[in-house]
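J.: First the structure, which I've put down as structure tokens, then a few questions once you've had a look.
The values are calculated or read from the model by the stated rules, or taken from the named source; none is laboratory data. Because the structure is a prediction, the values reported are computed rather than measured. Ideal geometry is used to build each Cβ from the backbone, glycine not excepted, and the neighbour counts take in all protein chains shown.
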Amino acid sequence: MLRLLLTLLLLLPLATQASEGEYFITAKPAEQVSLLEGWAAQPDAARLPLLDNLHQGRIAEGDTRKLRLNNRLRGLLENTLASHQLLSDVAKVRLAAAQQLQKSAQPAQVAFLDRRYAIEADAAVRAALGLVLANLQLAAPEPSVRLAAVRLLGETGDPMARTRLEALLEPGVETDTNVRTAAETSLAQVKRKLLFGELLGQAFSGLSLGSILLLAALGLAITFGLLGVINMAHGEMLMLGAYATYVVQVLIARYAPGAIEFYPLIALPVAFAVSAGVGMLLERTVIRHLYGRPLETLLATWGISLILIQAIRLLFGAQNVEVANPAWLSGGLQVLPNLVLPYSRLVIIGFALFVVLLTWLLLNRTRLGLNVRAVTQNRNMAACCGVPTGRVDMLAFGLGSGIAGLGGVALSQIGNVGPDLGQSYIIDSFLVVVLGGVGQLAGSLWAAFGLGIANKLLEPQIGAVLGKILILALIILFIQKRPQGLFALKGRVID
Amino acid sequence: MRAIPLPPAHPEFMLEPVLDAGSGRDAIGLGQARSQGLDARHGTVLTLEDISVSFDGFKALNALNLYIGVGELRCIIGPNGAGKTTLMDVITGKTRPTTGKAWFGDTLDLTRMSEVQIAQAGIGRKFQKPTVFEALSVFENLELAQKADKSVLASLIARLSGEQRDRIDEVLQTIRLSASAQRPAGLLSHGQKQFLEIGMLLMQDPQLLLLDEPVAGMTDAETEFTAELFKGLAGKHSLMVVEHDMGFVGSIADHVTVLHQGSVLAEGSLEQVQADDRVIEVYLGR
Amino acid sequence: MNQPLLVTASQKAGPRWTLATGAVVLLVLLALPLLSLLPEGHSLHVSAYTLTLVGKILCYAIVALALDLVWGYAGLLSLGHGLFFALGGYAMGMYLMREAAGDGLPAFMTFLSWTELPWYWAGTQHFAWALCLVVLAPGLLALVFGFFAFRSRIKGVYFSIMTQALTFAGMLLFFRNETGFGGNNGFTNFRSILGYEITAQSTRAVLFLLTVSLLVASLYLGWRLARSKFGRVLTALRDAENRLMFCGYDPRGFKLFVWVLSAVLCGLAGALYVPQVGIINPSEMSPTNSIEAAVWVALGGRGTLIGPLLGAGLVNGMKSWFTVAFPEYWLFCLGALFILVTLYLPKGVVGLLKKRGEQ
Amino acid sequence: MNRRSLIKAFTLSASIAAMGLSWSIQAAETIKVGILHSLSGTMAISETSLKDMALMTIEQINAKGGVNGKLLEPVVVDPASNWPLFAEKGRQLLTQDKVAVVFGCWTSVSRKSVLPVFEELNGLLFYPVQYEGEEMSPNVFYTGAAPNQQAIPAVEYLMSEEGGGAKRYFLLGTDYVYPRTTNKILRAFLHSKGVADKDIEEVYTPFGHADYQTIVANIKKFAAGGKTAVISTVNGDSNVPFYKELANQGLKATDVPVVAFSVGEEELRGIDTKPLVGHLAAWNYFESVQNPVNTQFVNDWKAYAKAKNLPGADKAVTNDPMEATYVGIHMWAQAVEKAGTTDVDKVREALAGQSFKAPSGYTLTMDKTNHHLHKPVMIGEIQDDGQFNVVWETEQPLRAQPWSPFIPGNDKRPDYAVKGN
């Protein structure tokens, strides 16, 4: 009997935890709220596993009952969890917790936070905790505390700090003139930092949009720019690349779930092969009969694009298919409090530059590239010199299509994958190639980034639609000045 | 590079050159030498001074000076890349000189005029590669070239008068294409296209004719005929002929200019030029 | 239906027969609206469905003809003719909306809580001004765009891409609700035109007759142009622009004239299209539509006057039929058709017919 | 150009055009039912599944012996996401195929395009999608939600403490009539709840907008000013890039919940939902609703998708417009049974007050006068499996207010259907 009691006593923490969980799951939402608020103000290290479980939507591992949470509870839970994580031994965990608390801490937690702040040893965590406290101390009764808090807030670039300071400066809120002046200085400081972050963000968006345009247009720079085929099916090559990514993702999930994290890498060669294969097939069957009749390639490739779209629609359905970001492409890099650079976009910018470099090397440093350039400049002469023009055409078209396929992989990571994917990029792609100067890789590069950045600079000012219209108008005007694009070949060209 | 001559479609016609240049010239009735707009009282129809053209650093023409007198027949020769075609481009307004002055007559500044204005002022040009309107018939080609009001409105309501029709027939006879008048120009042989283009120039009736390799692809007989034709034109018209064929040059020109690397190397009669050491070195001597 | 028979007959028979066939077709087209006035159930009755369908195709045929004037004759492939078509349609639509709204504001403006008409709506309640707009809106836009484009000698593919960008920009602009043209929904729910009920058979018949007249008029115009010196200058322009300049013609004026003319024709076609189909919205400006118009011309045979009409009729007829018969597969048929035509019929159906005729 | 080819051309085009005359094929003793959904073009993404759902429902009705002893014969046409083509096909269905009823349309513009045709020919259209209201035609029955059956309850939920107690509202939509009207109604509603204009931001993007970087950055900026909720009327295709951007820029549902009115199970199929857990949608039906009717409905649909080998059949889902299609067809069949005829006027009369036990778990009733269904409203939270978890629902079906009281002038509108509104 005694032993039993002793065992029970030993199990008590576990038991309380279990019963707390039981209580929580059966409680009404309002009770759940007060429970969480209470726990947040007085954290107990033993409760951490329970909170972890709750956060994952269950009360214990192996318990199949699903916890129904709503956003309010989820928010409170995150706050409570962070509060408990401050008790952790690992500084990194404490830091993350402090950062969470900067957003969500409640006045009821001040006492606890004060205690933790006093004993916190790690400098970074201490600084973060200081900010948490500063947020709460704006309402402190002593002007000196408020003054310190206001000064501290001025050091951050946190958008919330701006709101808090502005609220403090509302007429009648802060009465102490010292604090008021300090708050004004701090507010100006915060605003400056925020503006910096915003501008950086806009520049990044522009770069990112530019990289997407570049990936979309690069294949076209070869099929249209070099071969002179007005390839209206170019968008569908992008689309095929994206669908290849989808298929790879599904196959890997089914047959090699361990490698799912790296499916985009595996999808790259597959997408290239699929698009290049389809491209070469088209070149051999249709386009080869149409060289030198550019406007007719437009019609034939338009027909091809209709067929490809409908084929994909019948195969995969009209709905979009799901292409998930792997973990390493999800989320973003927090550079400034108001600037997050999504990993997927960072990777795509890098990837776009990599593909440009690859294409440039292929065209300028290989035999194939030499042949392609020879054929595109003077087909007859190249044939006379023993260049197998037919094969070169096929390979060049395959290369352009394959690069479009690579673009498709990248596009699948940020947008829709559906049968119409290609249609939304085709006009932009043509504009990039024409603006850059047909046949000029460097031109396409500059045009893509230029268009991307111009678009993103205009968008916040006049909205997405007017921005786009203005850009189109500017392009039309620009082409007036430089009818051959940014990078035109000059000289004695007889037409 | 010389164009490869195409086999003539009607060899029998080619074999019968018209040697009577005088009648040919009378037949095409080039009576008036000047239009009202052109003032060439000082005797030069074309004045080029210090003309330079550069493409991305490459100087196609370098401080070139050239004067062509009224009624003169000037031949321009020079090795490949000497700037002959660029020179024509500058005169016709297709290329703008980087520096220099170009005057047509005494009053018209060619560097300020558009290609169309230059053509309307009275400079006609024949391209190196014969360029005719291939989808139109020979007759229609000549009709379009004919000197007339060339505005949009005029062409909407234009009707051929009997007089104009007669002119076209005359030129057709001169260039010996009467039989092919209704054929599409695209079906003509290379030599016939050359003649058609010359015929179009005749219809245009310019003060100054620029002819870029006019006898390329012609048989000897045709060349001879062309030479006679040009000689007949000279005097009342000014001609500037770019040609590689020395025989042809010798048969028509009294005055020859040699271009080299974008500037004038030598000028004078063919004999004088051929005797010039520098010319021999860069061009003739090989 | 015995028309297909006539086609074969006309190939064998001489020009007299062909002339007769043309007259018969014209008579049939003129008779259609009259037959539609017959009571339903009459054996010769033509349904409103057939009438609007044929009317719509005739409007498209005019667009094709207009496009052919610039592409087939002057060598300027426009991928933006849908814009001019839509502008004409919008101008007519403005009048119809005002007519439907009476003294009030058009319904979509009430949605947006607008209390007064934007300035560019002024006067649109008058049919005459709306007609002016039908001509002016596409005409002026074409004039301005053409002026700049031809001045800097944009041609070939560049011209095509620029026109495509133009119509795309137009579409985006008209999609905006603030632009004041009903946004995505555009204009619908028309009631009457000049006081006549728009759904009445007689109104439909008159609109149809007008469309036929416009088509015949544009054909005649095209024929006269092609025959005139102007037409020959255009052909010359298409084949050797430089030569033409050195002959003393200024290509800009010629291009601009035919370009604006073509735009105005499209606008007129659009104005007739809208009351017949009962809706105009920005998707008419989508680049896809304009490319399709180029396909009609290519299919029928460009550089001919009949080709575009044939092409527009064929493609749209097939579209109407396929979308019912094989809703899931019609894009395959359409796509395959484009490919086959470009590969094997470079001169379009007209080229094929001519060849057959010569044999 | 010669005259001959001109004439040839004329004959050929006329013969093609005239083909339209001889299309209808007569079949004995069936009732023809038109299905007018885009199977190609931009709207195919949403509408294809409605066509399949309609075909399944018709098959089920036929399996039970049809209506009034006659089998239903579906006539499927493809208006190809082309609005004028909707009007043309609508006219064709009514006059050439002589169908008794048409089920179809998704976008408002397509409905507006066919409306005059249906009113002129006195046809009958069942429209299954939530829409902006401001319309009540005697020739249309609206089985989707009116704004008060979707938008307003959703905002009430966001305002409640349970929904996060949002103080600021970011109204984000695609620029067309439905978002515009909905946001207008919402703004008026928010005003009535004391939300000031500075706490409401209204932003529109063009169709097919794919780059949401700037907008998400703006949302973040706006959200720094207080507890914010995003009310999204972003149209189908743009949702994927929007949600992806949201997730990647680290905006979580706990910080800024997004409630969407156009995102359902079908749309979520194209999105990886793990980063989206907690974002909301408001509908009148969710696939995850637990009741026997729904279980049957979902199972039937999955089996049908498999049997017909529809693309993506292994992941087939049901959604609100599909349920609305299903309900609409059944209600029409019931009304035909009641009227004993397919005559439009009689069927219309019989439809008033018709009720049907719907998969949503409620017995839905067709209003006696206003041509709209009484519908329950549910708020669902996105789960990581692509389904919704219902976090809130109305206690009983709400009557639709197609003429929203928040739009001035609507108080003078009649509460019954009149032509030409």
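J.: Given the criteria among the polar types (S, T, N, Q), assigned to a helix (DSSP H, G or I) and within 15 Å of the chain's Cα centre (by Cα), does C:N289 qualify?
T.: Criteria met by C:N289.
J.: Examine segment C:328-348 for a residue that is assigned to a helix (DSSP H, G or I), buried (at least 22 other Cβ atoms within 10 Å of the Cβ) and more than 8 Å from every other protein chain (Cβ to nearest Cβ), and state whether such a residue exists.
T.: yes
J.: Go through segment A:322-352 residue by residue and tally those that are within 29 Å of D:K315 (Cα to Cα) and in contact (Cβ under 8 Å) with a residue 24 or more places away in the chain.
T.: 9
J.: If you go through segment D:73-83, how many residues are farther than 11 Å from D:L36 by Cα and either assigned by TED's automatic domain parsing to the domain that holds D:N235 or surrounded by fewer than 24 Cβ atoms within 10 Å (Cβ to Cβ) (or both)?
T.: Residues flagged as farther than 11 Å from D:L36 by Cα and either assigned by TED's automatic domain parsing to the domain that holds D:N235 or surrounded by fewer than 24 Cβ atoms within 10 Å (Cβ to Cβ) (or both) within segment D:73-83 amount to 1.
J.: In segment C:38-97, which residue that is of a type in the set (D, E, K, R) and touching a residue at least 60 places away in the same chain (Cβ under 8 Å) is surrounded by the most Cβ atoms within 10 Å (Cβ to Cβ)?
T.: Of everything passing the filter in segment C:38-97, C:D68 is surrounded by the most Cβ atoms within 10 Å (Cβ to Cβ).
J.: Find the residue count for segment D:385-415, including only residues that are among the aromatic types (F, W, Y) and more than 28 Å from D:V258 (Cβ to Cβ).
T.: Step one: list which residues in segment D:385-415 are among the aromatic types (F, W, Y), which gives D:388, D:392, D:403, D:406.
Imposing the further condition that a residue be more than 28 Å from D:V258 (Cβ to Cβ) reduces the set to D:403.
Final tally of qualifying residues: 1.
J.: Can you tell me how many residues within segment D:38-96 are of a type in the set (S, T, Y) and closer than 21 Å to A:Q423 by Cα?
T.: Going through segment D:38-96, the residues of a type in the set (S, T, Y) turn out to be D:38, D:40, D:42, D:46, D:48-49, D:57, D:81, D:95.
Pick out the ones that are also closer than 21 Å to A:Q423 by Cα and you get D:38, D:40, D:42, D:46, D:48, D:81.
Adding up the residues that qualify gives 6.
J.: Looking at segment A:313-352 only, could you name the residues that are facing chain D (nearest Cβ under 9 Å), under 9 Å from the mean Cα position of the chain (by Cα) and assigned to a helix (DSSP H, G or I)?
T.: Result: A:L329, A:Y343, A:S344, A:R345.
J.: Can you name the condition, by its number, that D:G208 falls short on among (1) at positive phi; (2) surrounded by 24 or more Cβ atoms within 10 Å (Cβ to Cβ)?
T.: So D:G208 meets the others, but not (2).
J.: Oh, and also: Can you work out which of the residues in segment D:260-289 that are under 17 Å from the mean Cα position of the chain (by Cα) and part of a strand (DSSP E or B) is farthest from the other protein chains (Cβ to nearest Cβ)?
T.: Taking the candidates together, the pick is D:W283.
J.: I would also like to ask the following. State the number of residues belonging to segment A:353-380 that are surrounded by fewer than 17 Cβ atoms within 10 Å (Cβ to Cβ), assigned to a helix (DSSP H, G or I), away from every other protein chain (no Cβ under 14 Å) and free of Cβ contacts under 8 Å to residues at least 24 places away in the same chain.
T.: 9
J.: In addition: Mind listing whichever residues of segment A:267-287 are aliphatic (A, V, I, L, M) and touching a Gly at 6+ places or on another chain (Cβ under 8 Å)? I'd like the intermediate steps shown before the answer.
T.: Let us first name the residues in segment A:267-287 that are aliphatic (A, V, I, L, M), namely A:267-268, A:270-271, A:273-274, A:276, A:278, A:280-282, A:286-287.
Passing the criteria: A:A271, A:A273, A:V274, A:A276, A:M280.
J.: Let me ask another. Could you list, in sequence order, all residues of segment D:224-246 that are at the interface with another protein chain (Cβ under 7 Å from one of its Cβ atoms) and within 26 Å of A:L333 (Cβ to Cβ)?
T.: D:A224, D:G225, D:V240, D:P241, D:K244
J.: While we're on this one: Just to be sure before I move on: is A:I252 in the same structural domain as A:N371 (by TED's automatic domain parsing), closer than 30 Å to A:P419 by Cα, buried (at least 16 other Cβ atoms within 10 Å of the Cβ) and modelled with pLDDT of 90 or more in the structure I sent?
T.: It is true that A:I252 is in the same structural domain as A:N371 (by TED's automatic domain parsing), closer than 30 Å to A:P419 by Cα, buried (at least 16 other Cβ atoms within 10 Å of the Cβ) and modelled with pLDDT of 90 or more.
J.: Please go through segment D:407-421 and give me each residue that is in a loop (DSSP other than H, G, I, E, B), surrounded by fewer than 19 Cβ atoms within 10 Å (Cβ to Cβ) and out of contact with any helix residue (DSSP H, G or I) (no Cβ under 6 Å at 6 or more places or on another chain), ordered by number. Step through it out loud before you land on a result.
T.: The first filter runs over segment D:407-421 and keeps only residues in a loop (DSSP other than H, G, I, E, B), leaving D:407-409, D:413-421.
Among the residues that remain, those that are also surrounded by fewer than 19 Cβ atoms within 10 Å (Cβ to Cβ) are: D:408-409, D:413-416, D:418-421.
Those that are in a loop (DSSP other than H, G, I, E, B), surrounded by fewer than 19 Cβ atoms within 10 Å (Cβ to Cβ) and out of contact with any helix residue (DSSP H, G or I) (no Cβ under 6 Å at 6 or more places or on another chain): D:P408, D:G409, D:R413, D:P414, D:D415, D:Y416, D:V418, D:G420, D:N421.
J.: Looking at segment C:302-327 only, could you name the residues that are under 21 Å from D:W83 (Cβ atoms) and not in a helix (DSSP H, G or I)? Reasoning before the result, please.
T.: Kept after step one, since they are under 21 Å from D:W83 (Cβ atoms), are these residues of segment C:302-327: C:312, C:315-324, C:327.
If the condition is that a residue be under 21 Å from D:W83 (Cβ atoms) and not in a helix (DSSP H, G or I), then C:P327 is the only one that fits.
J.: Report those helices (runs of 4 or more DSSP H) wholly inside segment B:123-192 carrying at least 2 residues which are of a type in the set (V, I, T) and under 25 Å from C:L261 (Cα atoms).
T.: So the answer is B:152-157.
J.: Continuing with the same structure: Name the residue, out of D:K252, D:K306, that is away from chain A (no Cβ under 12 Å) and not aromatic (F, W, Y).
T.: Of D:K252, D:K306, the one residue that is away from chain A (no Cβ under 12 Å) and not aromatic (F, W, Y) is D:K306.
J.: Now a separate question. Collect the residues in segment A:280-312 that are of a type in the set (F, W, Y) and part of a helix (DSSP H, G or I), keeping them in residue-number order.
T.: A:W302, the sole residue that qualifies.
J.: Quick one: which residue in D:T182, D:T205 is of a type in the set (S, T, Y) and more than 21 Å from D:V240 (Cα to Cα)?
T.: That would be D:T182, the only listed residue that is of a type in the set (S, T, Y) and more than 21 Å from D:V240 (Cα to Cα).
J.: Does C:F145 satisfy the condition of being modelled with pLDDT under 90 and either among the aromatic types (F, W, Y) or in a helix (DSSP H, G or I) (or both)?
T.: It is false that C:F145 is modelled with pLDDT under 90 and either among the aromatic types (F, W, Y) or in a helix (DSSP H, G or I) (or both).
J.: Moving to a separate point now. What is the residue count in segment A:475-495 for residues that are over 12 Å from C:M162 (Cβ atoms) and at pLDDT 70 or above?
T.: Residues meeting the conditions: 2.
J.: Would you check if there is a residue in segment D:110-130 being within 30 Å of D:N68 (Cβ to Cβ) and of a type in the set (D, E)?
T.: yes
J.: Now, a different point. Conditions: (1) in contact (Cβ under 8 Å) with a residue 60 or more places away in the chain; (2) among the hydroxyl-bearing types (S, T, Y); (3) surrounded by fewer than 21 Cβ atoms within 10 Å (Cβ to Cβ). D:T95 meets all but one. Number of the miss?
T.: (1)
J.: C:L166 - would you say it is in a helix (DSSP H, G or I), within 9 Å of another protein chain (Cβ to nearest Cβ), in contact with a Lys or Arg (Cβ under 8 Å, 6 or more places away or on another chain) and among the hydrophobic types (A, V, I, L, M, F, W, C)?
T.: no
J.: Of the residues C:L221, C:L272, which is away from chain B (no Cβ under 14 Å), modelled with pLDDT of 90 or more and part of a helix (DSSP H, G or I)? Give the steps one after another, and end with the answer.
T.: Working: C:L221 fails: away from chain B (no Cβ under 14 Å).
Result: C:L272 is the single residue among C:L221, C:L272 that is away from chain B (no Cβ under 14 Å), modelled with pLDDT of 90 or more and part of a helix (DSSP H, G or I).
J.: Can you pull out every residue in segment D:298-332 that is surrounded by fewer than 23 Cβ atoms within 10 Å (Cβ to Cβ) and more than 25 Å from A:I312 (Cβ to Cβ)?
T.: Within segment D:298-332, D:V298, D:N299, D:D300, D:A303, D:H330 meet the criteria.
J.: Moving on. Quick one: how many residues across segment D:368-406 are in a loop (DSSP other than H, G, I, E, B), surrounded by fewer than 20 Cβ atoms within 10 Å (Cβ to Cβ) and β-branched (V, I, T)?
T.: Looking only at that region, the number is 2.
J.: With the requirement that a residue be over 17 Å from C:P282 (Cα atoms) and of a type in the set (A, V, I, L, M), what does segment C:81-101 give you?
T.: C:A100, C:A101, listed by residue number.
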